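Chemist: After the structure tokens below, expect a handful of questions from me.
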Amino acid sequence: MSLLIGVPREVFPGEKRVATVPDVVEKLIKHGFRVAVEAGAGDAAQIADDAYRAAGAEIVSDRAQLWATSDIVFKVRGPDSGEVALLREGGMLVSFIWPAQNPDLLQALAARGCAAIHVSSGGVSPQQKIPVGPGYQVPFAQRVKAEVGLPTIAVGLITDPAQAEAIVANGEADAVSLARAMLYDPRWPWHAAAKLGARVDAPHQYWRSQPREFKDLFENAQFGAR
Ligand SMILES: Cc1cc2nc3c(=O)[nH]c(=O)nc-3n(C[C@H](O)[C@H](O)[C@H](O)COP(=O)(O)O)c2cc1C
């Protein structure tokens, strides 16, 4: 069953943005997701329900139903208290949060049973001068973990297995997540496991690729006679 992405109407007064546009809906559906958009979600951005419908989205009028059935909710603004209450168990929310300005929101998410928060910053203008370097966003995750106690997932130029291991081992974050390094090298987890002496569960079609120097890398691998 494919995952359902839900796009609610923004409730903050004067907010005109919507988290997803029809072009993106089409792409998400091509990637195997289903998309539900709350009726009128695009009105303030001049995007009609019919445009979402034409892109393949289902239009949902019942707001509570949208939140209750979506596996992943896409929002622009962080959730208000009413929306926090609508968050579904096991669901995922992708939105701005601004944790330093919204400590109460983080506490509310923690109280609601939020399992983990993924802390990334968003540069939206070339005029922002964000100092970018290895692990540049890890301190944000560290601060959220220290101040709110929510399990955190750190990101931001984590590219080296030892670096990733140290972030978790030192307690800076509870987990790490990689985007660019994974786009560059989709086998990053295998290579990291090999370097760190860990094991991975590889599909059997790949067992023959196990390098001779990493004889224990693939769990459950069995080789027949050559
Ligand atoms: C396709 C793509 C687009 C991105 N666009 C932005 C962006 O507009 N502004 C920004 O600050 N970071 C951007 N990032 C960087 C993300 O903030 C970063 O990928 C995320 O925090 C994970 O870190 P990592 O890619 O270094 O592993 C982008 C990353 C990717 C993969």
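Chemist: Please give, to one decimal in nm, the separation of the simple spin-label points placed at Phe33 and Ile59, each 7 Å out from Cα toward the Cβ.
Modeler: Rounded to a tenth, the inter-label distance reads 2.1 nm.
Chemist: Further, regarding this structure: Report, to the nearest 10°, how far helix 138-148 tilts away from the longest principal axis of the Cα atoms in the chain, using its own Cα long axis and a range of 0 to 90°.
Modeler: Its long axis makes an angle of about 60 degrees.
Chemist: Another question, if that's okay. Arrange Met92, Met1, Met182 by Cβ neighbour counts within 10 Å, fewest through most, would you? Mind showing how you got there, number by number?
Modeler: Values: Met92 16, Met1 5, Met182 13.
Lowest to highest Cβ neighbour count: Met1, Met182, Met92.
Chemist: Provide Glu38, Glu172 in ascending order of the number of other Cβ atoms located within 10 Å of each residue's Cβ, fewest first. Before the final figure, lay out each step's value.
Modeler: Values: Glu38 22, Glu172 19.
Ascending number of Cβ neighbours within 10 Å: Glu172, Glu38.
Chemist: When N counts the residues of the stretch 1-95, how does its alpha-carbon radius of gyration compare numerically with 2.2 N^0.38 Å, as a ratio?
Modeler: Details: Rg = 12.1 Å, N = 95, 2.2 N^0.38 = 12.4 Å.
The value comes to 0.97.
Chemist: What spacing in nm lies between the two simple spin-label points modelled at Gln46 and Ala68, each 7 Å away from Cα in the Cβ direction?
Modeler: 3.7 nm
Chemist: May I ask which residue of Val37, Thr152, Ala68 lies farthest towards the positive end of the charge dipole of the chain, with charges of +1 (Lys, Arg) and -1 (Asp, Glu) on Cβ and the Cα centre as origin?
Modeler: Among Val37, Thr152, Ala68, the one farthest towards the positive end of the dipole of the chain is Thr152.
Chemist: Can you list the residues, at least 5 places off or on another chain, whose amide H is less than 5 Å from the amide H of Glu58, using H built in the peptide plane?
Modeler: Excluding prolines and chain starts, which carry no amide H, the hits are Val35, Ala36, Val37.
Chemist: Work out the charge dipole of the chain with +1 on the Cβ of Lys and Arg and -1 on the Cβ of Asp and Glu about the Cα centre, then indicate which of Pro131, Ile59, Ser209 is farthest towards its positive end.
Modeler: Farthest towards the positive pole: Ser209.
Chemist: Measuring from centroid to centroid over Cα atoms, what is the spacing of the stretch 108-146 and the stretch 199-213 in Å?
Modeler: Each part's Cα centre sits 35 Å from the other's.
Chemist: Related question: What FRET efficiency do you get for Asp160 and Trp207 if R0 is 25 Å and r is their Cβ-Cβ distance, rounded to the nearest 0.05?
Modeler: Details: r = 27 Å, r/R0 = 1.06.
It comes out at approximately 0.40.
Chemist: Springs between alpha-carbon pairs under 10 angstrom, Gaussian network model over the chain: which of Val124, Val200, Val73 fluctuates most?
Modeler: Val124
Chemist: Using Cβ counts within 10 Å as a stand-in for footprinting exposure, how do Phe74, Phe12, Phe33 rank, fewest first?
Modeler: Placing the least packed residue first, the sequence is Phe12, Phe33, Phe74.
Chemist: If you don't mind, another one. Rounded to the nearest 0.05, what FRET efficiency do Glu147 and Lys215 give with R0 = 45 Å and r taken as the Cβ-Cβ distance? Could you check? Display every interim value, and only then the final one.
Modeler: Numbers: r = 45 Å, r/R0 = 0.99.
The calculated FRET efficiency here is 0.50.
Chemist: For the pair Ala100 and Leu3, how long in nm is the line joining their label points, each one 7 Å along Cα→Cβ?
Modeler: Output for this residue pair reads 3.0 nm.
Chemist: How high is the FRET efficiency between Phe223 and Lys16 when r is their beta carbon distance and R₀ equals 35 Å, given to the nearest 0.05?
Modeler: Details: r = 60 Å, r/R0 = 1.72.
The pair Phe223/Lys16 has a calculated efficiency of 0.05.
Chemist: Okay, moving on. Compactness ratio of the stretch 43-201: Cα Rg over 2.2 N^0.38 Å, N = residue count?
Modeler: Working: Rg = 18.4 Å, N = 159, 2.2 N^0.38 = 15.1 Å.
So the stretch 43-201 has a normalised radius of gyration of 1.22.
Here, each number is a calculation from the coordinates, and none is a lab measurement. These numbers come from a predicted model, not from an experiment. Every residue, glycine among them, receives a Cβ derived from its backbone with ideal geometry; neighbour counts consider all protein chains shown.
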